Amino acid sequence: QVQLVESGGGLGQPGGSLRLTCTASGDTMGISGMGWYRENPGKMREQVATITPGGATDYAPSVKDRFTISRDGNKNTIYLQMNDVIPEDTALYSCRLVSTAGKYWGSGTQVTVSS
């Protein structure tokens, strides 16, 4: 089993920055990728950014050039640096891990962007 704990959400102002953290614990062998997803009530979950153990990244067009995903392999932790946030970034952000043991989700951290 794998446990994922997210932190760093909260209230941000338009144009400001937020940093999310997701730490994995448990059976973390054989990780093939981790990423951030977001969702709002009544809408489909959206892939925000993903990163592989080798550092390859992928971003949703709506966040590219504003958000940066990074990882600390020694700590089984990934980060999402969110810059120049806009109200449309408001969502519940969840961390996902894919490994040989399966696919796992964290419970999420709420991000609200409002003036």
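Listing for the model above:
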quantity	calculated
GNM flexibility winner over the chain from Ala56, Ala91, Ala24 (Cα, springs under 10 Å)	Ala56
Phi-based couplings in Hz for segment 106-113 (Karplus 6.51, -1.76, 1.60; Gly and Pro marked x)	x, 7, x, 9, 7, 10, 10, 10
Heavy atoms of Lys43: accessible area, 1.4 Å probe, square angstrom to 10	140 Å²
Inverse mean reciprocal Cα-Cα distance (Kirkwood Rh) of segment 40-115, Å	13.6 Å
For Cys95, net neighbour charge (Lys/Arg +1, Asp/Glu -1) across residues whose Cβ lies under 12 Å away	+3
Rounded Å value of the spacing that divides the Cα centres of segment 10-26 and segment 32-71	13 Å
GNM top mover of Thr68, Thr50, Thr28 - the chain, alpha-carbon springs below 10 Å	Thr28
Kirkwood Rh in Å, taken over all unlike Cα pairs in segment 31-80	11.5 Å
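The values are calculated or read from the model by the stated rules, or taken from the named source; none is laboratory data. The model shown is predicted, which means the values in this text are computed figures rather than measured ones. Please note: Cβ atoms are built from the backbone with ideal geometry, for glycine as well, and neighbour counts cover all protein chains shown. In case anyone asks, the SASA skips ligands and DNA or RNA and just uses the protein heavy atoms, side chains included. Shrake-Rupley method; radii C 1.70, N 1.55, O 1.52, S 1.80 Å.
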